[in-house]
């Protein structure tokens, strides 16, 4: 940051200076005022350039922030679109799963064990029948259990067959739910990107504010130098005006002197002419004076 103007380098002008200083002193003072004015104008120009440089950097940062804002808003729009798609698909999946549950309730498939569990239990019982030595009563009970399980399996398989498109609906519901999950993943990823651009936007605006503060400081320094230069210029103009006044006064004095000299010469020529008329002998110098005065 530029330092403040050194006041000791400034040139001061008072009314007393204008009134009482000699012409030579005023000419010297005018030169000092002119030189300091030019120095301050150069200083003001340099500070204005620095100010403009920082203002340009500020605009760059603001433009950068605006780009991040636009990208953030664009991503947020995409987030909203994916949210809507996700919610619509989840709602559809819920409807399909509800339909599956209703079909299961109608077919009483929600009660008891499923087909795979029944098949596994039957296999275990048959393996036991084949591998273990059982009493007649135990074997009879085991056979009854196997038959009971087979009846339940047959009944459940029959109900599944009666259900028709139950598995198809269930599969569709799972596919719809999977598609909703994809949209949810997009929501998460896009929201993270939007947040990144938001953070960069905030940072760019913060940097723009910092740079703008520096530009404002340089502007204040520019104003300081320019005002000082303007004051020196005004004082320079005042001295120049006073010098012109002195020139006019000197010219008037010289003209008065010339007039007095001409009047004296005229009176002298008149005296010589009177001598000439009276018959006095005139020397060469007197004759020249008469000739100059137009008397000859």
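The values are calculated or read from the model by the stated rules, or taken from the named source; none is laboratory data. This one's a predicted model, so the numbers in the text were calculated from it and none came from an experiment. All Cβ positions, even for glycine, are placed from backbone atoms using ideal geometry, and neighbour counts span all protein chains on display.
Here are the numbers for the structure shown:
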{"quantity": "Only one of 193, 200 that is within 30 Å of residue 89 (Cα to Cα) and at pLDDT 80 or above", "calculated": "193"}
{"quantity": "Conditions (1) part of a helix (DSSP H, G or I); (2) in contact with a helix residue (DSSP H, G or I) (Cβ under 9 Å, 6 or more places away or on another chain); (3) more than 27 Å from residue 214 (Cα to Cα); number of the one not met by residue 37", "calculated": "(3)"}
{"quantity": "Residue that is nearest to the chain's Cα centre (by Cα), among those in the range 66-86 that are surrounded by 19 or more Cβ atoms within 10 Å (Cβ to Cβ) and within 12 Å of residue 204 (Cβ to Cβ)", "calculated": "68"}
{"quantity": "Any pair with Cβ under 9 angstrom, 6 or more apart, that starts in the range 5-30 at a residue that is in contact (Cβ under 8 Å) with a residue 60 or more places away in the chain and ends at one that is surrounded by 10 or more Cβ atoms within 10 Å (Cβ to Cβ) and in a loop (DSSP other than H, G, I, E, B)", "calculated": "29/11; 29/13; 29/21"}
{"quantity": "Single unsatisfied condition, residue 205 versus (1) at pLDDT 95 or above; (2) out of contact with any helix residue (DSSP H, G or I) (no Cβ under 7 Å at 6 or more places or on another chain)", "calculated": "(2)"}
{"quantity": "Count of residues meeting criterion [over 30 Å from residue 5 (Cα atoms) and in contact (Cβ under 8 Å) with a residue 60 or more places away in the chain] in the range 219-246", "calculated": "1"}
{"quantity": "Test for residue 282: is it assigned to a helix (DSSP H, G or I) and at pLDDT below 95", "calculated": "no"}
{"quantity": "Out of 217, 270, 227, 285, sole residue that is at negative phi and surrounded by 14 or more Cβ atoms within 10 Å (Cβ to Cβ)", "calculated": "217"}
{"quantity": "Criterion: modelled with pLDDT of 95 or more, farther than 30 Å from residue 188 by Cβ and in a helix (DSSP H, G or I) - qualifying residue of 77, 64, 53", "calculated": "53"}
